[in-house]
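Here's a structure for you.
The values are calculated or read from the model by the stated rules, or taken from the named source; none is laboratory data. Since this is a predicted model, take the numbers as computed values, not measurements. Neighbour counts run over all protein chains shown; Cβ positions are idealised from the backbone, glycine included. Remember, those area values only see protein heavy atoms, side chains included, never the ligands or the DNA or RNA. Shrake-Rupley method; radii C 1.70, N 1.55, O 1.52, S 1.80 Å.
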Amino acid sequence: MFSAIARIFRTPDLRRKLLFTLGIIAIYRLGVFIPTPGVDYGNVQRCLALGNTTGGVYEFVNLFSGGALLQVSIFAMGIMPYITASIIVQLLRVVIPRFEELHKEGSAGQSKLTQYTRYLTIALGLLQATTLVSLARSGLLFSGCQFPVVPNDHLLVVLLMILTLTAGTVVIMWMGEMITERGIGNGMSMLIFVSIAAGFPSSMGAIASAQGWGVFTMVIAIGLLVIAGIVFVEQSQRRVPVQYAKRMVGRRTVGGSSTYIPIKVNMAGVIPVIFASSILALPGMLVQFNVDADGTQPGWATWLSTYMSSSSPLYMAVYVLLVIGFTYFYVSITFNPTEVAENMKKYGGFIPGIRAGRPTAEYLQYVLSRITFPGSLYLAVIALTPLIAFVLINADQNFPFGGISVLIMVGVGLETVKQINAQMQQRHYEGLLR
């Protein structure tokens, strides 16, 4: 392993890519701690010390920003506007035929869709920046904190804050694209990986100091089991065999080869968990915005805060159902059995024992629906791991192994190792891991 890492640094091209990636990551982490103009950094730290931070969506965004959101830094929005824009553009392919045509046009169409994603990222960045500034001004970002986060809420100061936060989102998007182009791995995924990993030491330290070393050891053991399970399932796939018939093209005989269609158990990735978490965060936001100055709240808000809290069985049941539903929904959008069957028929491919055309599409749909169910259950179990840990071992909200965080970290780690492995095999005929 260490000799393979040494070979990376001895290879000029790989060394340059790795150092470039590390440099961009260092700049990104530095920006997390640079406060936005108009924000009193000292008061922000005092409010953070109290521990009364907004949960729900904003805790979720804070995870993806590496803690920058609750620092109200120039990179407070993190990569979330770009992720949201990418998901929206991908979903619009089903609604807008023009987007589907661009998707099929190859690199030219993909570049056009990327441009639309950038524009939408800027718009979402403006919207989220306005929301964050409004929360910071009103004191709702840190509930119960009496220190003003924005001492001077003049209109020009507020506009400067919104523009700075939006510009920070654009810079993060640019850094991610530069890593993809000139570094190692997918840039956006790498930045998310770094953001989540940055919170692990503080979370583990908080568990050790609050619950003791016994709970800390148990959390480590659970984390190792969760990571092993995620690696196993993420690498699992159903290989549907495909045979290509021989054809005469001019004087050449083409085809006659055997291959397979890899259908992953978790084809939807982490998207269903993101959708479900975002929707279940809305009741908490509704409750928060309907609390009077004296602390009273309407009856429906009391019911939501009681039965839709993260430790409630009803919350867990709804969470599982939403994850399963969004998994089927997202897989149906990203994998089209009819399109795959038509492409196979066009190039003379067929599944042994299955007729080409509609029977092939029906067979692929059958296989897809069967394999998506265990994949959705797997996502639901991983998503519930932090909630179960909270109930069983009282690991509180600092539990880092589970949900979106570990899914993303393991997925990005596996993909990055594959890319490094492929590049090393081109040069040394030996990969990173033997």
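Might you let me know whether region 204-226 holds any residue that is closer than 30 Å to Phe9 by Cβ, of a type in the set (Gly, Ala, Ser) and surrounded by fewer than 20 Cβ atoms within 10 Å (Cβ to Cβ)? Even if it seems obvious, please write down each step before you answer.
Residues of region 204-226 that are closer than 30 Å to Phe9 by Cβ, as a first pass: 204, 223-224.
Cutting the leftovers down to of a type in the set (Gly, Ala, Ser) gives us 223.
Add one more test, that the residue is surrounded by fewer than 20 Cβ atoms within 10 Å (Cβ to Cβ), and what stays is 223.
Yes, some residue in region 204-226 is closer than 30 Å to Phe9 by Cβ, of a type in the set (Gly, Ala, Ser) and surrounded by fewer than 20 Cβ atoms within 10 Å (Cβ to Cβ).
On to the next question. Identify the single condition in (1) at pLDDT below 90; (2) surrounded by fewer than 17 Cβ atoms within 10 Å (Cβ to Cβ); (3) within 33 Å of the chain's Cα centre (by Cα) that Leu321 does not satisfy, given that it satisfies every other one.
(1)
Still on this structure: Would you please list the contacts, defined by Cβ atoms under 6 Å and residues six or more apart or on different chains, that run from a residue in region 173-184 that is without any contact (Cβ under 8 Å) to a residue 60 or more places away in the chain to a residue that is assigned to a helix (DSSP H, G or I) and surrounded by 15 or more Cβ atoms within 10 Å (Cβ to Cβ)?
Sorted first by the residue in region 173-184, then by its partner, the pairs are Glu177/Gly187; Thr180/Gly187.
A quick yes/no check of all residues on (1) of a type in the set (Phe, Trp, Tyr); (2) touching a strand residue (DSSP E or B) at 6+ places or on another chain (Cβ under 7 Å):
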site	(1), (2)
Ser312	no, no
Thr327	no, no
Asn336	no, no
Glu339	no, no
Gly349	no, yes
Val367	no, yes
Arg370	no, no
Phe373	yes, no
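Are any residues in region 127-147 open to solvent by 70 Å² or more (accessible area, probe 1.4 Å) and modelled with pLDDT of 80 or more, and if so, which ones?
Selection gives Leu127, Arg137.
Any chance you could count how many residues in region 148-168 are open to solvent by less than 90 Å² (accessible area, probe 1.4 Å) and either β-branched (Val, Ile, Thr) or part of a loop (DSSP other than H, G, I, E, B) (or both)?
Filtering region 148-168 for residues open to solvent by less than 90 Å² (accessible area, probe 1.4 Å) gives 148-153, 157-162, 164-168.
This time we only want the ones that are either β-branched (Val, Ile, Thr) or part of a loop (DSSP other than H, G, I, E, B) (or both), so: 148-153, 157-158, 162, 164, 166.
So the count comes out to 11.
Let me ask something else. For region 201-282, which fully contained strands (runs of 3 or more DSSP E) count at least 2 residues that are modelled with pLDDT of 75 or more and of a type outside the set (Gly, Ala, Ser)?
Here the list reads 237-244, 258-264.
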